[in-house]
Amino acid sequence: MSANTTYFQKNLTLPTQFAVPPTLAVFLLIADLAGVFISVGFVLWMQFNVPIQQFNPFVSGIVLSGLIGLYIFDGYRSQLQFAAVWTRFRFIISLVIVSVVSAAFIYLSNIWEKNWQLSQGILLASLGIFPLWAILTRFLAVIHIKNSPLLYNVTVTTQAPNLEEKSPDAYEKIWYKVPLNLINDNWFVLAKGFKLNSSQFHFICKRVLDVIAASLLLVVLSPLMVLAGIAVKFNSPGSILYSQVRSGYNGQTFRVYKFRSMYQDAERLGARWAMEHDPRVTSVGKFLRLTRIDELPQLVNVLNGEMSLIGPRPERPEFDVKLSEAIPYYKMRYSIKPGITGWAQVMYPYGASVDDAREKLSYDLYYIKHYSLVLDLVIALKTIRVVLLGKGR
């Protein structure tokens, strides 16, 4: 063991959980791409002695769909419980589902009749070979994690002092959130990052991208929004949309718009956090919340400059008073514009307590500190996954 290697431990009851740098997810993606083309090329060569250069571009679309499927089923997480039995089982199941769906799409349509590579069963045979390759690469990843230093000379082990006592930076690199118990006022001044707070260039670039993306999404999703409005109207008496005062950039309040998901006058007794199986939520509202369709009207807030597509979720002022008293640096989450989705929303389940708000703040501060276009893209992809898997509220 080298003298400059640092060992940390997280207080977990599951010693088989290893935090993995995002670069490993990129490695797995590249390995899967190579695996698909190698498996298809192998079948072509074995059955027809055809070189890979004659690989039909159409098959690339099927390959891309398969990789998206693996992503949706959590095949490229930046934090993986590699050693957990359920994780390995889930990955195998995801491979089976992706393979079956791809094969069904090909052979139940007319596509296979027009493509000799598909009609000869080449892709189907390749779908049988690829899972072996994917499992092998992940097995090698397990070996790499358990036997190699991670994250710039930091090794995770279950036989060392607490990580929280060592370094906020190391904590961030491993768990992608800021440890609130380790930071102080000086940290906000001395820590690197905070591009949206310190760089007008990044602030303007994010605003331009917000306007372009929100405009496109409004056009593309307008039919879905019309259907959602009709469903809300016929499901229960009341308005289609409702507005609510929320805290925004630098603490300024604004009205956020949503599709109504609760019964009319559901909060006549006062504001309170939503809860699981909330009786105030309508049947259509449950679906809208699950798929986050109820948030789509906030694209208007983005165009108005009150929100961003990605950022900390805006909270109600009456809740902010309580949370700012209980949680240190809580108001720092409003040092940037709030968002429709955010790092905390894709990394932490929906919560309705002070402890949940404290945990989400640690993720919000991580986003504020480490903001980049790449991180925004990661959050957007994770949000799509949350929606497709029905992991909304």
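Panel order for PHE259, PHE194, by other beta carbons found within 10 Å of each beta carbon, from fewest to most: PHE194, PHE259.
Ordered by the count of other Cβ atoms within 10 Å of each Cβ, fewest first, ILE240, ILE379, ILE310 give ILE240, ILE379, ILE310.
Under Stokes-Einstein, with the Kirkwood radius over Cα pairs standing in for Rh, what whole-number D in µm²/s applies to the range 165-247 at 37 °C and 0.692 mPa s?
So the translational diffusion coefficient is about 187 µm²/s.
Among the listed pairs LYS177/LYS337; LYS206/LYS322; LYS233/LYS286; LYS258/LYS322; LYS206/LYS369; LYS258/LYS331, which have their C-alpha atoms separated by more than 22 angstrom in this model?
Working: LYS177/LYS337 19 Å; LYS206/LYS322 31 Å; LYS233/LYS286 14 Å; LYS258/LYS322 24 Å; LYS206/LYS369 15 Å; LYS258/LYS331 24 Å.
Exceeds cut-off: LYS206/LYS322; LYS258/LYS322; LYS258/LYS331.
The base-10 log of I(q)/I(0) for the range 195-388, evaluated at q = 0.09, 0.17 Å⁻¹, reads -0.32, -1.24 [Debye formula, identical scatterers on Cα atoms, solvent excluded].
Multiply the residue gap between VAL211 and VAL245 by 0.36 nm, knock off their C-alpha separation, and tell me the result in nm, one decimal place.
Numbers: separation 34, 0.36 × 34 = 12.24 nm, distance 2.21 nm.
Extending this stretch completely gives an extra 10.0 nm.
Note the per residue figure in Å³ for the convex hull of the C-alpha positions in the range 323-393.
On the way: hull volume 5.7 nm³, N = 71.
Convex hull volume per residue, Cα atoms: 80 Å³.
Rank these for me by crowding, ILE174, ILE230, ILE38, ILE340, going from fewest to most other beta carbons within 10 Å. Don't skip to the end; give the middle numbers.
On the way: ILE174 20, ILE230 12, ILE38 15, ILE340 25.
Lowest count first: ILE230, ILE38, ILE174, ILE340.
Summarising the amide proton neighbourhood of LEU241: residues at separation of 5 or more, or on other chains, whose placed amide H is nearer than 5 Å comprise ARG260.
Provide the gained length on full extension for the span LEU132 to PHE201, in nm with one decimal, where the gain is 0.36 nm per separating residue minus the Cα-Cα distance. Please report the intermediate quantities before stating the final value.
Working: separation 69, 0.36 × 69 = 24.84 nm, distance 4.68 nm.
Full extension from LEU132 to PHE201 adds 20.2 nm.
Coordinate-derived values only; no laboratory data. No experiment lies behind these values; they were computed from the predicted model shown. Neighbour counts are summed over all protein chains in view; Cβ atoms, including those assigned to glycine, are modelled from backbone coordinates with ideal geometry.
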